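Chemist: Input: one structure, supplied below.
The numbers here are math on the coordinates, done by the rules we state, and not lab data. Keep in mind it's a predicted model, so treat the numbers as computed, not measured. Methodologically, a virtual Cβ is constructed for each residue, glycine included, from the backbone with ideal geometry; neighbour enumeration extends over all protein chains shown.
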Amino acid sequence: MKTAIFSGMFKELPLRTAMEEAGKIGYDGIEIMIGFGGNHLDVNCPPERAREIGKMAEENKLDICLIYTSLGGPILAGEEQRQKDLNDVCRFLDIGDEMGCKMIKVTAGRLKDSAYKDDEARIVADWLGEACDRAAKHDSRIIAEIHFGQYCETVAMARKIIDLVDRQNFGVIHDAGNLHITGDIYGEDSIEVLGDRIFHVHIKDMVRAAADDEAAHDYLAGRFKRALLNDGDVDHLPLFKGLKKIGYDGYLSCEASGGDDPVAVAQHEMDEMRKLLSQV
């Protein structure tokens, strides 16, 4: 298993700085965030800039393991939106080719009124399938994060979407933190359900929070906020053991909140992740 850092932890800093710091700490890869308050990459990135980013990663001995977008979130709004997001997926596939990245993260639609509906799931799966077909022409993969409020909210829902999409280049991001705050399984039993369709793994810890804690949010399993790895309520060790059992050789990508000192946080997450891996 390889280690990666989510560039969103460094969203206040230039991408070059994020890569330099990640390289110094010893991460194997970087996952580049699109939007969400950062400016590391966008859909209008010209080929020469994409190649420059690829070179920056190479200089810092990093792989660009994933381009993280929010495309696919609003696709249930109608065909026009679905086509727009699909066109943008194609643009990111081109950008990925230039920088040496062969995996694009999209969103598996957003649940309406927190309710799973079979007809909407089919629409989401059809769109994901179209994205996968376009990605196949680039020898690339499409990936959706297991995330609250989406059609991949739980392990069971993720498995359903995987089966509905029915493409070998479609998989999911396993996120124990997200699964914990929905009250779902996230250890070895989750690995048994998802198997080799786990293409990427997010690592972050969550801790229960008081009702008046302004840094926290309300989720299905209670009120939580992010915590430093191994300081919260999420036990990642069973997850790591399950991943080893199936021979997972992808990335464990640290997704903690960078806070006021993202370099220190990135170092902490790496140190704690190494401790966990030493026990597997």
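Chemist: Every residue in region 1-16 that is touching a Leu at 6+ places or on another chain (Cβ under 8 Å) and among the aliphatic types (A, V, I, L, M), please. Can you show your working first?
Modeler: Of the residues in region 1-16, the ones touching a Leu at 6+ places or on another chain (Cβ under 8 Å) are 1-4, 7, 15.
Selection gives Met1, Ala4, Leu15.
Chemist: Considering only region 1-111, give the strands (runs of 3 or more DSSP E) lying wholly within it that have at least 2 residues that are over 23 Å from Gln150 (Cα atoms) and in contact with a strand residue (DSSP E or B) (Cβ under 7 Å, 6 or more places away or on another chain). I'd like the intermediate steps shown before the answer.
Modeler: Numbers: elements: 2-6, 29-33, 63-68, 103-106.
The qualifying strands (runs of 3 or more DSSP E) are 2-6, 29-33, 63-68.
Chemist: Give region 21-37 a look and list any residue that's closer than 14 Å to Ala264 by Cα and crowded, with 18+ Cβ neighbours inside 10 Å, or say none.
Modeler: Looking only at region 21-37, we keep the residues that are closer than 14 Å to Ala264 by Cα, and these are 21-27.
Selection gives Glu21, Ala22, Gly23, Tyr27.
Chemist: Considering only residues that are in a loop (DSSP other than H, G, I, E, B) and farther than 19 Å from Gly177 by Cα, which ones fall in region 249-279? Even if it seems obvious, please write down each step before you answer.
Modeler: As a first pass, look at region 249-279 and keep what is in a loop (DSSP other than H, G, I, E, B): 249-250, 255-261, 279.
Listed by number, the residues that qualify are Asp249, Asp260, Asp261, Gln279.
Chemist: Which of the residues belonging to region 236-270 are free of Cβ contacts under 8 Å to residues at least 60 places away in the same chain and either touching a helix residue (DSSP H, G or I) at 6+ places or on another chain (Cβ under 9 Å) or surrounded by 22 or more Cβ atoms within 10 Å (Cβ to Cβ) (or both)? First the steps, then the outcome.
Modeler: Looking only at region 236-270, we keep the residues that are free of Cβ contacts under 8 Å to residues at least 60 places away in the same chain, and these are 237-238, 241-242, 245-247, 259-261, 264, 268.
Answer for region 236-270, where residues must be free of Cβ contacts under 8 Å to residues at least 60 places away in the same chain and either touching a helix residue (DSSP H, G or I) at 6+ places or on another chain (Cβ under 9 Å) or surrounded by 22 or more Cβ atoms within 10 Å (Cβ to Cβ) (or both): Leu237, Pro238, Lys241, Gly242, Lys245, Ile246, Gly247, Gly259.
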